[in-house]
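Working notes, structure below.
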Amino acid sequence: MIDFNFFKQKSPQQRFLFILGLVMLSLYLVLGTLLIFWKDIPFEISPTYRVIFGLLLIAYAVLRFFRLINQQEK
């Protein structure tokens, strides 16, 4: 369960790092999706490897999301 009080008590530095984490999360998701669905990609890569790499990027984005949400106060 997400504790929303945890997000309200962050310092400005922690909030900035949280937002940066969300930006990087969305970057990995968009890049993975582009690799999977963009047919006329501007560099030569096998379609099989392109889909595998896209799925790995999306899986890494999901992993980063759960790490970002489950951060504990240090």
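Just need a number here: residues in segment 43-66 that are touching a residue at least 40 places away in the same chain (Cβ under 8 Å) and either open to solvent by 90 Å² or more (accessible area, probe 1.4 Å) or in contact with a Lys or Arg (Cβ under 7 Å, 6 or more places away or on another chain) (or both). Within segment 43-66, residues that are touching a residue at least 40 places away in the same chain (Cβ under 8 Å) and either open to solvent by 90 Å² or more (accessible area, probe 1.4 Å) or in contact with a Lys or Arg (Cβ under 7 Å, 6 or more places away or on another chain) (or both) number 0. On the given criteria, is Leu31 at pLDDT 90 or above, open to solvent by less than 90 Å² (accessible area, probe 1.4 Å) and more than 12 Å from the chain's Cα centre (by Cα)? In short, no.
The values are calculated or read from the model by the stated rules, or taken from the named source; none is laboratory data. Small disclaimer: the values here were computed from a predicted structure and weren't measured. Glycine gets a Cβ as well: all are built from the backbone with ideal geometry, and neighbour counts include every protein chain shown. SASA here: full protein model, heavy atoms, side chains in, ligands and nucleic acids out. Shrake-Rupley method; radii C 1.70, N 1.55, O 1.52, S 1.80 Å.
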